[in-house]
Structures are given as structure tokens and as C-alpha cells.
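Heads up: the structure comes next, in C-alpha cells.
The values are calculated or read from the model by the stated rules, or taken from the named source; none is laboratory data. Fair warning: this is a prediction, and the values are worked out from it, not measured in the lab. Reconstructed Cβ throughout: ideal geometry from the backbone, glycine too, with neighbour counts over all protein chains shown. We work out accessible area using only protein heavy atoms, side chains counted, and drop any ligands, DNA or RNA first. Shrake-Rupley method; radii C 1.70, N 1.55, O 1.52, S 1.80 Å.
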Amino acid sequence: MGVIYIGDRKAGKTHLAMESSNPQGNYVKGSQPIYQRFQTLLYDKVNNKTLATDARQSAYRRTLELQVQTRIRSKQIIVDWFDTAGEIWRKSWQSDNPQEWQRFLEASSSSEAIILILPPHRDLVLNLDPEIDEDPGPFSTLEQWCYRFNEWVRFFCDDCPKSKHLLICLNKADLFCDLNQEAERLAYRHDAYTMDWFDRHQYVYQRYFRPIRSQIQQINDTFTGLSIRCFITSIKSRSLLELPWLYLANYLEEV
């Protein structure tokens, strides 16, 4: 059993995964060759952004290898990273591409841990920048965001029977909170007392996941022994970016 990394469209999951593998990290590091390869394949240096997933191939399966240093040990985490353009969730695509869909289901059904990357919804972003009301851009409404999460609930409950850890990451935190303040509050440090993992989860869950708490509880009620943890992440805060991986390194079985 292993770890799979998935997420919604426009959630920033490609950039988040790429930066997670940055060898210049604090407690979470990848190798320089793999980081450079991701930059070559996935990053547009001219426009300073990650490349959109090519819709001609609806699912890319990549491997992410990270070395994570916790207070008590160093642990390698190997991740199945499924990057999709969205079509994979359509019934028509699943019917037309049964082998690719089956490979995805096989990985999810045997995974010990799942990392789900979500984008912020429009109401969250408006709290920090009311002027964006004139240009909603890529942000879905709260109703759309909650409706989309229902599909993830169905997926987890039906297709992930062996998962012991579900990490839900609300990404692009720089768009909806005081990044420095939250990074300081939630920080993980080897040499100082910080929040424990449950307290971090409770703080983030209560503050940022309120609209979907009942759906998260539905997932919890479906599984015995499943640990759900909520995080906020951003490529602009190494401290927040590393937290999900540090949690996994503390609690995963050997993979």
C-alpha cells in the first residue's frame, strides 16, 4: 500500500507537488535531478507558472519521492501522483478509457493514504480581497465548491476501502488568509514546542472547512480506523507546504 496525490482542477496541485520536491526544503526534500525534471516538464519559465494538464491525455501518473525528517526519524515517502485534466471523472470518459480508469481505481483501492488538493472557493478569497468580486476568475461559488466535494465523498466511500489516512489540503492559502500569521501558528519545529497534529487539524477544520464539515463527517462515519486531517497549503509558505508530508512521515507505516 502507498500514497496517492490527487485534486481538483485549478487547485494548484502541480505546482504544490513540484515545490514539495524542492531539495532546498526545510524538513521535506526531493532530489535535485527530479526537481529539475519537473521544472522542465511542468513549468513555463517565460510566464512564471505551471503548464496546464494536456486534455489530450486525461490522466498522467507520475512518481513523487520525498525524504522527510521528523523529530525522531528520517523517512522516505513515495507517492503516486495522478494529474488529471478533469475528464477522468466523466462517466463517458470512464467508458471510453476502461484501462486507464481501472489503473486509477486499483491505485486508490490499495492506498494507505490519500492527499486531496482543493482550491479555495470564491467566498474565502473575497474575505481577503473584496475587489475580486468584480472578476471572480477561476474561483467557484461556495455552492459549487460544496457540490464538487460531494463527488470526492462518493469516491472515498466507494473506491478507497483500505485508506487509513485522508489529508485534505485547501491550497493557495496566500489568497484567503494572513499567510505569515497562520504559518507561525501552525508551524512544525524540531527544537521548540508547537501544536500537536490533532490541534492543528481542529484549528484548520473549524476555521476553513466549516461548509463541508458534514460531508467530512460522512466519510468518517463510513470508515473504521480512518484518520482525516485538514491542512491549508501554499507554495508561498514552505512551513505550510511541508505540514501534510510531515504528518504522513509520523504516522504512515513503512511504504
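Here's the yes/no breakdown for (1) free of Cβ contacts under 8 Å to residues at least 12 places away in the same chain; (2) open to solvent by less than 60 Å² (accessible area, probe 1.4 Å):
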{"position": "Pro119", "(1), (2)": "no, yes"}
{"position": "Leu126", "(1), (2)": "yes, yes"}
{"position": "Phe139", "(1), (2)": "no, yes"}
{"position": "Asp158", "(1), (2)": "yes, no"}
{"position": "Lys162", "(1), (2)": "no, no"}
{"position": "Ile212", "(1), (2)": "no, yes"}
{"position": "Gln215", "(1), (2)": "no, yes"}
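Quick grid of which residues meet (1) within 30 Å of Leu142 (Cβ to Cβ); (2) at pLDDT below 85:
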| position | (1), (2) |
| --- | --- |
| Asp83 | yes, yes |
| Ile88 | yes, yes |
| Trp93 | yes, yes |
| Asn97 | no, yes |
| Ser109 | no, no |
| Pro119 | yes, no |
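What's the total number of residues in region 217-255 that are hydrophobic (A, V, I, L, M, F, W, C), open to solvent by 30 Å² or more (accessible area, probe 1.4 Å) and farther than 20 Å from His15 by Cβ?
Within region 217-255, the subset hydrophobic (A, V, I, L, M, F, W, C) is 219, 223, 226, 228, 230-232, 235, 240-241, 243, 245-246, 248-249, 252, 255.
Now drop any that are not open to solvent by 30 Å² or more (accessible area, probe 1.4 Å), which leaves 223, 235, 255.
Now drop any that are not farther than 20 Å from His15 by Cβ, which leaves 223, 255.
Residues that pass the stated criteria total 2.
On the basis of being part of a loop (DSSP other than H, G, I, E, B) and within 30 Å of Asp191 (Cα to Cα), does Ile115 make the cut? Working first, answer last.
Working: part of a loop (DSSP other than H, G, I, E, B): no; within 30 Å of Asp191 (Cα to Cα): yes.
Taking the combined requirement at face value, the residue does not satisfy it.
With respect to the numbered conditions (1) open to solvent by less than 60 Å² (accessible area, probe 1.4 Å); (2) within 26 Å of Arg73 (Cβ to Cβ); (3) without any contact (Cβ under 8 Å) to a residue 12 or more places away in the chain, which one is the sole condition not fulfilled by Leu166?
Among (1) open to solvent by less than 60 Å² (accessible area, probe 1.4 Å); (2) within 26 Å of Arg73 (Cβ to Cβ); (3) without any contact (Cβ under 8 Å) to a residue 12 or more places away in the chain, the lone unmet condition for Leu166 is (3).
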